[in-house]
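Comments concern the structure below.
The values are calculated or read from the model by the stated rules, or taken from the named source; none is laboratory data. These numbers were taken from a predicted model, which means no experiment stands behind them. All Cβ positions, even for glycine, are placed from backbone atoms using ideal geometry, and neighbour counts span all protein chains on display.
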Amino acid sequence: MELICEGWFSDEEIVSCGEHLHPDIEFMYFPIATAILKANASNFSISNGDLVIFPPYFIHHIIFTQFPCKRYGFRVSSADYMLHNVPLELTSILLRRDSTNAIIFHLSEHPDTIRLIEQIHEEYITTSPFRSERLFCLFSSLLISLYRIDPSPFVIKDEKLEAYCRFIETHSREKLSIDEIANHFYVSPAYFHVKFKTYTGLSPHQYRNRCRISHAAKLLHDNKLSLAEIAEDSGFLDTNSFIRAFRKSLQITPSKYRENCLRHITPVE
C-alpha cells in the first residue's frame, strides 16, 4: 500500500484550497488552523486539532481565515488497502459513497492519535527500509484509534452496490453506456439507476462524470497536455463537453483550475 502525503505551511498568499475532488479517500489534519470547509452546500468550521476525512469523489473546498496555519494531508486507495485482508469494520470508512458529508474528528484531547498522524507524515518523507510496510501499519493503527474514539462513521456498506461503484470507477474512461453497465450486472437499467442513486446520492451518469473529472483534474497539473488531449484521455466526447461538465461540477473552467494549481499547489505524485 502506498500513501500520497503532503505537509505544508500556508501564508497569506494561499488563502484557499479551491474546489476539487480525488478518486481516493483523503485525510486532512489541521494542527494549527482556522478555516471554513465548504462541502455539499454546507459550511463547517475547522479549528486546531481537527481531522477531516473526505470520501472518494467528494467535492470540497477549504478557505483559511487566519494565519499562520498548518495542515498534514494524505490520500490512500481503498482498493489497495483492502488487498491486505483488513477487517471490514475498519475498511468501511474508506468506502463511503453516500456523498452526505465529510467526517470530522476532534482530536485535541487524543494526543496518541495525533502522534500517529505525525508518524505517518514522518515515515512518508523517509527513505528507510520497509517504508511502505510501516506506513501500512501506522495507517491501520490510525483507523483503529479513530474507531475507538467514535465507531459511528464505520458503517458496513452493501457489497453489491459497492461493486457498482468500483466498476464505474474502473471503466469511467471507456465508451460504455449506463445500460451496458447495468447489463454487466444482469439487472435492468431502471433498477440499476434507482439503486445506485439511493446508495450514492448521484445518478450513474453523474458518478461517472465525477470519476472522469477527477482524472482530468489530475492531468491538469501537467501544463504540457492540451485540453483536447485531457478530454479524450478522461473519456469525454469532445473538448466542449469536457469544459461544460468540469465547470458544472467545480464551478470553474479547466483552464482556470490549471492556472490555480500551477500558481499555488505543487502536486505530490
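Annotations for the structure displayed:
- Check on Arg173, within 21 Å of Tyr81 (Cβ to Cβ) and either of a type in the set (Asp, Glu) or not assigned by TED's automatic domain parsing to the domain that holds Pro55 (or both): no
- Tally of residues being of a type in the set (Val, Ile, Thr) and in a helix (DSSP H, G or I) across the stretch 209-256: 4
- Enumeration of residues in the stretch 143-156 that are closer than 13 Å to Ile53 by Cα and either exposed (fewer than 12 other Cβ atoms within 10 Å of the Cβ) or touching a strand residue (DSSP E or B) at 6+ places or on another chain (Cβ under 8 Å) (or both): Leu146, Pro153
- Pair list, Cβ under 9 Å, 6 or more apart: the stretch 117-130 residue closer than 15 Å to Pro31 by Cα, other residue of a type in the set (D, E, K, R) and in a helix (DSSP H, G or I): Gln119/Arg134
- Flag for Phe136 being touching a His at 6+ places or on another chain (Cβ under 8 Å) and at pLDDT below 90: yes
- Among the residues of the stretch 135-158, none is identified as assigned to a loop (DSSP other than H, G, I, E, B), over 14 Å from Glu89 (Cβ atoms) and among the aromatic types (Phe, Trp, Tyr).
- Among the conditions (1) in a loop (DSSP other than H, G, I, E, B); (2) at pLDDT below 85; (3) not hydrophobic (A, V, I, L, M, F, W, C), the only one that Pro129 does not satisfy is (2).
- Which listed residue is under 27 Å from Glu232 (Cα atoms), in contact (Cβ under 8 Å) with a residue 12 or more places away in the chain and out of contact with any Leu (no Cβ under 9 Å at 6 or more places or on another chain), from Glu180, Glu169: Glu169
- Looking only at the stretch 110-126, and only at residues there that are hydroxyl-bearing (Ser, Thr, Tyr) and surrounded by 14 or more Cβ atoms within 10 Å (Cβ to Cβ), the one that is modelled with the lowest pLDDT: Tyr124
- Members of the stretch 159-184 found to be surrounded by 14 or more Cβ atoms within 10 Å (Cβ to Cβ) and in a loop (DSSP other than H, G, I, E, B), listed by number: Ser172, Arg173, Leu176
- Segments classed as strands (runs of 3 or more DSSP E), wholly inside the stretch 49-109, with at least 1 members that are at pLDDT 80 or above and closer than 12 Å to Phe27 by Cβ: 50-54, 69-76, 103-106
- Restricting Ala182, Ala217, Ala163 to those that are out of contact with any helix residue (DSSP H, G or I) (no Cβ under 7 Å at 6 or more places or on another chain) and of a type in the set (A, V, I, L, M) reduces the list to Ala163.
- Scanning the stretch 192-209 for residues that are surrounded by 20 or more Cβ atoms within 10 Å (Cβ to Cβ) and modelled with pLDDT under 85 returns a single hit, Thr200.
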